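Read the structure below first, then the notes.
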Ligand SMILES: *[C@@H]1O[C@H](CO)[C@@H](O)[C@H](O)[C@H]1NC(C)=O
């Protein structure tokens, strides 16, 4: 009896579970075709930009997708030896005959000036870099070959920065694409996507304003936003269109139209640091994507040096583009003097072997594993230039900072750190013994900077998914294409006067003015009628009184 009972229960379980598995499952996620063909196009030759793209491209290859990458940064033999990634194919833009300056240790500090033409200079630099991208990179034989090839792709991933001339590939391969900005969103990109950029509270990243902006800052911010956008629209785009037409053919649509087709934009920022602001659902913050998931142990000499830094150590690096050895002599002297007088150790990225004079508490290296160094428990302060890679790492680690912005978005990044109370901004042009000592005292001895940095670190790390996972998901999502027809903001397609409600405001002002005018006239009429009636009544009463008399 018991046996029959248990047997029938078993049968029931089996039947029930087969029933369950045959029931139609509804799913929130549509599985991706397991192997995508992904084309990555990165025509800009700044290494700090590509450092942000590389982790995503490699991870996509790791997940089995076939990744073809056009860039100046093919995987090195070292990297290949560590991890072969056979489905990661490089199309290198480096011309072995010409060689190319990929922007490492190129910025000469002696040539940096603080002139009032800095914005014109900056636009000009952006334009010169765009010329290299369009004129040199885009005319590379490897590009011509790719255009003529019969390759097929599922999705294109490309850089968004100072030119759209590489977007010809979108037209050539006719597939959906997403763009990746290795810095703050460029003003013109907000326009193309229809992403909110109200200058009343969103500072553009060319100025380095402290939030919230005061009245004067808001004027500059508003005018600046307009001028930068106008310069891009009427100067950059028209030059790039000519080159792109030569390369991709005269039937190439307007570059602006292609830029507007972007299905998503990945951005290397995070609101915890740069402030909360509206982003469209397809504008996705993935700041910190380059931060490795594990900390490597340091070389032996570094470990020994830092382990013995019982009173804490300073990490000093001006990043990959700036050549520290071009530091003006009086500034270098001031730095050395201050370093020799503080009871702390200093670890310094310095490109020549020796400092002018040797100091026991200072160690220099031509290259340093930045993130691993920052994670050493005895590193108590980071002296940097405000590059996004470095500050993202320091924010992640929770390290207080002293930032000396030199060019580009570094002023904006540094201001953001200062805004969060996690660091001090030091003007490079005012760098002297006194200002440096003051900043170091604050960074090491004022605990509020450390507390703020640690608080910020928690906010920066706490996310629904890691930036890398998020970026992978968005790449696959755009390739699946389910959301692409609906992702575009309707605001993006309105003419400017409709977007800013100028037409509505004008009509409302007119209607209101007319209404007030009519009301005014009516009241006036009424008053005059009233006084006329009163006047009549008054004179009649007068007559009556006179009669009585
Ligand atoms: C911090 O305070 C200590 C002790 O008062 C002092 O010796 C040191 O010079 C100060 N500044 C730095 C950067 O350590």
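The calculated FRET efficiency for residue 293 paired with residue 82, based on their beta-carbon distance and R0 = 22 Å, is about 0.90. Distance between the pseudo-spin-label points of residue 519 and residue 235 (7 Å out from Cα toward the beta carbon): 4.8 nm.
Pairs of Cα atoms nearer than 8 Å and 6+ residues apart set the relative contact order; for the chain it is 15 percent. Just to confirm the number: angle between the C-alpha axis of helix 118-131 and the first principal axis of the chain, 0 to 90 degrees, nearest 10? Approximately 60 degrees, to the nearest ten. What's the FRET efficiency of residue 531 with residue 507 using the Cβ-Cβ distance as r and R₀ = 30 Å, to the nearest 0.05? Rounded to the nearest 0.05, the efficiency is 0.25. Take the Cβ atoms of residue 462 and residue 89, set R0 to 35 Å, and the FRET efficiency comes out at 0.45.
Full extension of the segment from residue 473 to residue 34, taken as 0.36 nm per residue of separation minus the current Cα-Cα distance, would add 156.7 nm. Among 90, 240, 95, the order by Cβ neighbours within 10 angstrom, fewest to most, reads 95, 90, 240. The orientation-averaged shadow of the Cα convex hull for segment 313-354, equal to a quarter of the hull surface, comes to 3.1 nm². Counting only Cα atoms, the size of segment 159-271 along its three principal axes is 48, 27, 19 Å, in decreasing order.
Per DSSP helix of 4 or more residues, -39500 (n - 2.57); summed, then divided by the residues of the chain. What does that give at 222 nm, rounded to the nearest 500?
It comes out at -14500 deg cm²/dmol, rounded to the nearest 500.
Put simply, the convex hull of the Cα atoms in segment 300-461 casts, on average, a shadow of 8.6 nm². Note on segment 201-247 and segment 330-361: Cα centroid distance 39 Å, given to the nearest whole angstrom. With only Cα atoms counted, the chain has Rg and Dmax values of 31.6, 131 Å. Computed from the Cα positions only, the extents of segment 113-205 along the three principal axes stand at 49, 30, 16 Å, in decreasing order.
Stretch residue 496-residue 256 to full length: gain in nm at 0.36 nm per residue minus the Cα-Cα span?
Details: separation 240, 0.36 × 240 = 86.40 nm, distance 1.53 nm.
Stretched out fully, the residue 496 to residue 256 stretch lengthens by 84.9 nm.
Only the coordinates and a few stated rules stand behind these numbers; no lab work does. Fair warning: this is a prediction, and the values are worked out from it, not measured in the lab. Backbone-built Cβ (ideal geometry, glycine too); neighbour counts: all protein chains shown.
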